[in-house]
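The next block holds one structure in the form of structure tokens; read it before the comments.
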Amino acid sequence: MTASRHFIEGHAIVSPEGMIADAAGAFPPALGDAEDWARFQAALDACAATVLARASHEATPNRANRLRVVMSRGAAGLTRREDAWWWNPAEVPPAAMLAAVAPRGGRIGVPGGRAAFDLFLRPAPGQPGFDAFHLATNPDCPLPGGRPVFSGLGPDRGPEALLAESGLVPGSPEILNPARGVSLRIWRREGGQAPSADVEQGR
């Protein structure tokens, strides 16, 4: 992998129906898991930048002071503000955004919400998509009628089907919380390779 390569990695914890939020768009505390949260935060700490939708940015203060890129239809192209880079994907393609924000490459974390997940799950021709997706499932928190992790989910079409259609291959599941049945499965693009520690931080 060259120094300019961006390794794009999604992270989500979902209900048994594949939801990331309730019907009102809020993340219910019961959906979260302490072990998953610790792993998620460590993964984001290793990123050169994180890309997230505006609602997710507003709902999660950047206490770790990570380099953020906020997706917003109201942004003018790609603009550096005090709190983050603000980015309108309709005006600046993802590849150009990444080249500007993380010119030395590295790991790019995508923690949501659905608009950000959809963008990298179904990239336009010639644009980057997910190299990996960390999908945690919490069967102990059903959210019928909630907000799905990806557009196009249905009763017989879960997130696993969409990840497979995008060319990602599932790894072995890992149980994070036996008492609640929370599990994690990492989906990776075949032949993809994560960046080294130095490149992860854009060094």
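The values are calculated or read from the model by the stated rules, or taken from the named source; none is laboratory data. Quantities reported herein were computed from a predicted structural model and do not represent experimental measurements. Cβ atoms come from the backbone with ideal geometry, glycine included; neighbour counts cover every protein chain shown. Keep in mind that these areas ignore ligands, DNA and RNA; they rest on the heavy atoms of the full protein, side chains included. Shrake-Rupley method; radii C 1.70, N 1.55, O 1.52, S 1.80 Å.
Matching residues to (1) surrounded by 14 or more Cβ atoms within 10 Å (Cβ to Cβ); (2) among the aliphatic types (A, V, I, L, M); (3) in contact (Cβ under 8 Å) with a residue 60 or more places away in the chain; (4) out of contact with any Gly (no Cβ under 7 Å at 6 or more places or on another chain):
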{"site": "His6", "(1), (2), (3), (4)": "yes, no, yes, no"}
{"site": "Met19", "(1), (2), (3), (4)": "yes, yes, yes, no"}
{"site": "Ala23", "(1), (2), (3), (4)": "no, yes, yes, no"}
{"site": "Ala26", "(1), (2), (3), (4)": "no, yes, no, yes"}
{"site": "Pro29", "(1), (2), (3), (4)": "no, no, no, yes"}
{"site": "Glu35", "(1), (2), (3), (4)": "yes, no, yes, yes"}
{"site": "Arg39", "(1), (2), (3), (4)": "yes, no, yes, yes"}
{"site": "Cys47", "(1), (2), (3), (4)": "yes, no, yes, no"}
Being among the aliphatic types (A, V, I, L, M) and surrounded by 15 or more Cβ atoms within 10 Å (Cβ to Cβ) is the filter here; which residues of the stretch 68-83 pass it? Val69, Val70, Met71, Ala75, Leu78
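Scan the stretch 84-100 and give yes if some residue there is touching a Leu at 6+ places or on another chain (Cβ under 9 Å) and open to solvent by 60 Å² or more (accessible area, probe 1.4 Å), otherwise no. Let's see the steps before the verdict.
Filtering the stretch 84-100 down to residues touching a Leu at 6+ places or on another chain (Cβ under 9 Å) leaves 84-89, 91-92, 94, 96-97, 100.
Filter again for open to solvent by 60 Å² or more (accessible area, probe 1.4 Å), leaving 91.
Within the stretch 84-100 (the criterion being touching a Leu at 6+ places or on another chain (Cβ under 9 Å) and open to solvent by 60 Å² or more (accessible area, probe 1.4 Å)), the answer is yes, since at least one residue qualifies.
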Here the qualifying pairs (Cβ atoms under 7 Å; residues six or more apart or on different chains; first in the stretch 76-100 and over 14 Å from Thr50 (Cα atoms); second of a type in the set (Val, Ile, Thr)) come out as Gly77/Val92; Leu78/Val92
Does Val51 satisfy being closer than 22 Å to Glu160 by Cβ, outside any helix (DSSP H, G or I) and either without any contact (Cβ under 8 Å) to a residue 24 or more places away in the chain or not basic (Lys, Arg) (or both)? no
Kindly list the number of the only condition in (1) within 15 Å of the chain's Cα centre (by Cα); (2) of a type in the set (D, E, K, R); (3) within 30 Å of Gly145 (Cβ to Cβ) that fails for Glu17. (1)
Which listed residue, of Leu143, Leu135, Leu163, is within 21 Å of Ala115 (Cβ to Cβ), without any contact (Cβ under 8 Å) to a residue 60 or more places away in the chain, open to solvent by less than 70 Å² (accessible area, probe 1.4 Å) and among the aliphatic types (A, V, I, L, M): Leu163
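Can you name the residue in the stretch 120-130 that is surrounded by fewer than 23 Cβ atoms within 10 Å (Cβ to Cβ) and in contact with a Gly (Cβ under 9 Å, 6 or more places away or on another chain) and is also farthest from Arg80 (Cα to Cα) among such residues?
Initially, the stretch 120-130 is screened for residues surrounded by fewer than 23 Cβ atoms within 10 Å (Cβ to Cβ), giving 120, 122-129.
Then keep just the ones that are in contact with a Gly (Cβ under 9 Å, 6 or more places away or on another chain); that gives 120, 122-123, 129.
Numbers: Phe120: 22, Arg122: 26, Pro123: 24, Gly129: 23 Å.
It comes out as Arg122.
Determine which member of the set Pro123, Pro103 is under 16 Å from the mean Cα position of the chain (by Cα) and of a type outside the set (Ser, Thr, Tyr). Outline the logic, then answer.
Values: Pro103 fails: under 16 Å from the mean Cα position of the chain (by Cα).
After applying the criteria, what remains is Pro123.
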